[in-house]
Amino acid sequence: VPFMLFAIFDTQPADARRLSGLLQDYLEQRDLHCRVEQFSRPELLLEFCRSYACTAVFLQVTAAGCPNLEIASRLRALSPETPVILTSDSLDCAPDGYRVRAFAYLLTTRLPESFSACMDSLWETLFSPANTLCLRADREDVFLPLEQIRYFEASGHTVTAHFSASALWSTRTFRVSIQEIADRLEGRGFLRVQRSFVVNLRYVDRFSNYMVILKDGQRIPVSVKHFSRLRQEFLHWQKG
């Protein structure tokens with residue numbers, strides 16, 4: 001079962017605690033584990049999201065001009081595939097939610113009625129077959145949430161998956177070829193940057209000096225021959 005990391009941005013601590021409680025109750029009822037971080041300052045939220053891959057972000061938006069929608073845009077630039085769920089005490093900002101491709105828009109006045117349906121939809125989106133990779137290990141099928149995998153690294157006849165800090169494992173090794181991994185993940189936000197590495201683009205900060213620089217500072221070598229093309233593929237993915 002994947003370990004999940006959620007971030008909540010809300011300038012009202014009581015509302016943030018209420019949302020956090022609903023989130024933890026929902027997951028505990030399903031024997032799921034999570035960590036919830038609460039923020040009341042946008043710069044701290046953004047800094048956190050630069051370092052950690054969140055399962056989803058709950059973002060409070062206000063009625064007067066909806067200024068926090070700019071935060072949603074910046075979150076999109078940091079991690080295009082992370083679902084952003086907007087929360088508000090009115091519907092004034094709802095039309096603009098489409099502009100930032102919000103996953104959902106929750107009215108705080110109706111949270112108890114709408115929260116479970118939103119989470120059911122989020123779970124289906126994140127952990128459906130389209131968003132997981134099934135690999136065989138120890139004679140059993142292991143379903144890996146793609147959003148938690150930083151990169152795959154080949155060694156001999158095995159491939160090791162390296163996970164985010166919020167995942168259940170830090171690494172896990174499978175008897176499979178890197179070519180099969182690359183083939184199965186084609187078009188799903190992963191890129192084979194050289195013969196031994198397939199990286200998850202949501203964890204990439206930039207391509208520089210024949211290296212992939214991940215958001216946590218880790219450097220992975222890139223094929224010199226294909227560096228220019230691979231960097232262009234990353235930039236194209238980044239633009240959505």
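The values are calculated or read from the model by the stated rules, or taken from the named source; none is laboratory data. Small disclaimer: the values here were computed from a predicted structure and weren't measured. Cβ coordinates were reconstructed from backbone atoms using ideal geometry, including for glycine residues, and neighbour counts include every protein chain displayed. The area values use the complete protein model at the heavy-atom level, side chains included, leaving out ligands, DNA and RNA. Shrake-Rupley method; radii C 1.70, N 1.55, O 1.52, S 1.80 Å.
Numerical summary
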| read-out | value |
| --- | --- |
| In the stretch 44-96, residue farthest from ASN131 (Cα to Cα) [restricted to those that are surrounded by 16 or more Cβ atoms within 10 Å (Cβ to Cβ) and among the β-branched types (Val, Ile, Thr)] | VAL61 |
| Exclusive hit being open to solvent by 70 Å² or more (accessible area, probe 1.4 Å) and not in a strand (DSSP E or B), set ARG206, ARG231 | ARG231 |
| Residue in the stretch 34-48 that is of a type outside the set (Gly, Ala, Ser), touching a strand residue (DSSP E or B) at 6+ places or on another chain (Cβ under 9 Å) and at pLDDT below 85 present | yes |
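Quick grid of which residues meet (1) within 20 Å of the chain's Cα centre (by Cα); (2) open to solvent by 60 Å² or more (accessible area, probe 1.4 Å); (3) at pLDDT below 95:
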site: LEU135; (1), (2), (3): no, no, yes
site: GLU140; (1), (2), (3): no, yes, yes
site: PHE143; (1), (2), (3): yes, yes, yes
site: PHE152; (1), (2), (3): yes, no, no
site: ALA161; (1), (2), (3): yes, no, no
site: SER170; (1), (2), (3): yes, yes, yes
site: PHE190; (1), (2), (3): yes, no, no
site: VAL198; (1), (2), (3): yes, no, no
site: ARG202; (1), (2), (3): yes, no, yes
